[in-house]
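A.B. asks: What follows is a single structure, and I will ask about it in a moment.
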Amino acid sequence: MKRLLIIAGLLIVVGYGIFEARRIVAGPQLVVDSPLDGSATSSTLVTVVGRVKNISFLTINDHTASANEQGQFVYRYSPPPGYTALTVAATDRFGRRVEERVAFTLLTYCPVKI
């Protein structure tokens, strides 16, 4: 009976360790919600919004960005007129890196019909 309890305790500890290690094995996760790839805007200030998990470092166009405790990030960016590409990259503590590239167009010409 004593041996059975020891084996059960060890299985619980090992099972819990494997369960908690799933985040380490999964690596960093990155989703950019806004702006949408291929979109167009006339706003001179673009807000980049997204979510991350299992990261230790976040960059947007090689500028350091930060995420809150829920893994959400917001980055305000003033792009030049025309086509713009943003690269959002997340790195975990083991050096594994994921990137997502988002391209959009800043429209500056709006014809007015009289």
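Computed from the coordinates by the stated procedures, all read-outs in this text should not be read as laboratory data. Please read all numbers here as calculations on a predicted model, not as lab measurements. Note: ideal-geometry Cβ built from the backbone for every residue, glycine included; neighbour counts use all protein chains shown.
A.B. asks: Can you pull out the GluC sites (Glu not before Pro) in the range 1-99 whose DSSP state is coil and whose Cβ has at most 12 other Cβ atoms within 10 Å?
C.D. replies: Details: sites: Glu20, Glu69, Glu99; in loops: Glu69.
Counting only loop positions with at most 12 other Cβ atoms within 10 Å, the GluC sites (Glu not before Pro) in the range 1-99 are Glu69.
A.B. asks: What is the Cα radius of gyration of the range 28-106 over 2.2 N^0.38 Å, N being its residue count? Don't skip to the end; give the middle numbers.
C.D. replies: Details: Rg = 12.4 Å, N = 79, 2.2 N^0.38 = 11.6 Å.
Relative to the 2.2 N^0.38 Å estimate, the range 28-106 comes out at 1.07.
A.B. asks: Using the Cα centre as the reference, give the magnitude of the dipole from point charges on the C-beta atoms of the range 40-114 (Lys, Arg: +1; Asp, Glu: -1; all else neutral), rounded to the nearest 20 debye.
C.D. replies: Working: 8 positive and 5 negative charges, 22 e Å.
Dipole magnitude for the range 40-114 comes out near 100 debye.
A.B. asks: Could you tell me how many degrees, from 0 to 90 and to the nearest 10, lie between the Cα long axis of helix 2-20 and the main elongation axis, the longest principal axis, of the Cα atoms of the chain?
C.D. replies: Long axis of 2-20 versus the principal axis of the chain: about 10 degrees.
A.B. asks: Can you work out the Karplus-derived ³J(HN,Hα) for every residue in the range 38-46? Use 6.51 cos²θ - 1.76 cosθ + 1.60 with θ = phi - 60°, whole Hz, and x for glycine or proline.
C.D. replies: So the Karplus estimates, Gly and Pro as x, are x, 7, 10, 9, 10, 6, 7, 10, 9 Hz.
A.B. asks: Work out the charge dipole of the chain with +1 on the Cβ of Lys and Arg and -1 on the Cβ of Asp and Glu about the Cα centre, then indicate which of Val88, Thr47, Leu10 is farthest towards its positive end.
C.D. replies: Farthest towards the positive end: Leu10.
A.B. asks: Explain nothing, just the number: relative contact order of the chain, from Cα pairs under 8 Å at least 6 residues apart, as a whole percent. If you can, show how the numbers build up before the last one.
C.D. replies: Details: 200 pairs, mean separation 32.3, N = 114.
RCO, the chain: 28 percent.
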